[in-house]
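Below is one structure, written out as structure tokens; comments come after it.
The values are calculated or read from the model by the stated rules, or taken from the named source; none is laboratory data. Small disclaimer: the values here were computed from a predicted structure and weren't measured. Cβ atoms come from the backbone with ideal geometry, glycine included; neighbour counts cover every protein chain shown. Surface areas here come from the heavy atoms of the whole protein model, side chains and all, with no ligands, DNA or RNA. Shrake-Rupley method; radii C 1.70, N 1.55, O 1.52, S 1.80 Å.
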Amino acid sequence: MKPLLALIFVTAVWGVTFVQVKDAVAIYPLFAFLAVRFAIASATLAFPAAKRMRGLGRSGVAGGAFLGLLLAAGYALQTAGLQRTTVSSTGFITGMYVVLTPLIALALYRSRIGLGAWVGVLVATAGLAMLSGIHAGSVTGDLLVLAGAGVYSFQIVLMERYAPRFDALAFTFVEMAAAFLGLLVVALALGDLGVPRGWTVWGALLVTGVFASALGYLVQTWAQRRTSATRTALAFTMEPVWTAFFGYTLAGDRLGALGWGGCVAIMAGIVLAEPAAAAALVRLVRR
């Protein structure tokens, strides 16, 4: 029960950060924000992870670095989309990584997926089409977030392979450091890196860097070693619910009947696909 509750708490933290990040990247460059975010995450984990790094070996470091670069790409796509669409839309579209997980497992490992997953994909896609028809967001923003969700599902599939094999703290630190370095290179190339100013930016950086990134992904790695893939996938379905709640209460999202109907359809697709996603992850672990 503790791993499940921990994952649900993490999804709540991820949900509230959508509001903070949207406000922050409106006044501070996107790649610079993400680079500083993962710098803070890396610094948070550096000291406690130092003594455990030897246990990773080359394969652990390589795996953590690769997953870290995937995280960097996913966050870049998601945040670029968040700049262009609503908080609630971003949360529900991001939640489609649960729908996409069995499809990624099928593409990578030829894992079997049942009828429920295909129905979930169709229902969630219909919801995405409904969301794209509202004036509160933009099709470009929604597609960027959807691409980010695809990268996240790839990361989750691979994490299910790596989590049981390596120390959670050391592996998460490598992920955070690799994401920081990748984003730093892009921020420097764009000439965007500068000293953040104001509580709006710093508040978002501290919450996302320490709680949503360092501790959030540490808890994810820890929990995926101690609970079933079914419970993991179930907990992740809570993220869009939290995001919609905070988007409505803090960001003033008012999507109208069509927009909220699209959110409901996406959530229904996620719930339909969740058992298939969990089954795909179980098969990957058994391999």
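Of note:
- Filter result for Leu144 (farther than 15 Å from Ile40 by Cα, at pLDDT 80 or above and open to solvent by 20 Å² or more (accessible area, probe 1.4 Å)): yes
- When Tyr162 is tested against (1) of a type outside the set (D, E, K, R); (2) closer than 27 Å to Leu106 by Cα; (3) under 16 Å from the mean Cα position of the chain (by Cα); (4) open to solvent by 40 Å² or more (accessible area, probe 1.4 Å), only condition (3) is not met.
- No other residue among Ile104, Ile27 is aliphatic (A, V, I, L, M) and free of Cβ contacts under 8 Å to residues at least 60 places away in the same chain apart from Ile104.
- Yes/no for Gly127 being closer than 21 Å to Glu160 by Cβ, modelled with pLDDT under 80, assigned to a helix (DSSP H, G or I) and out of contact with any Asp or Glu (no Cβ under 6 Å at 6 or more places or on another chain): no
- Any hit, segment 45-58, residues being closer than 22 Å to Trp260 by Cβ and either part of a helix (DSSP H, G or I) or in contact with a helix residue (DSSP H, G or I) (Cβ under 6 Å, 6 or more places away or on another chain) (or both): no
- Matching residues in segment 179-214 - criterion: being open to solvent by less than 70 Å² (accessible area, probe 1.4 Å), under 29 Å from Ala168 (Cβ atoms) and among the aliphatic types (A, V, I, L, M): Ala179, Leu183, Leu184, Val186, Ala187, Ala204, Leu205, Val207, Val210, Ala212, Ala214
- Between Ala170, Ala189, the distinction of being without any contact (Cβ under 8 Å) to a residue 40 or more places away in the chain and of a type in the set (Gly, Ala, Ser) belongs to Ala189 only.
- Here segment 1-18 is the region considered, the condition is being of a type in the set (A, V, I, L, M) and out of contact with any helix residue (DSSP H, G or I) (no Cβ under 6 Å at 6 or more places or on another chain), and the residue that is surrounded by the fewest Cβ atoms within 10 Å (Cβ to Cβ) is Met1.
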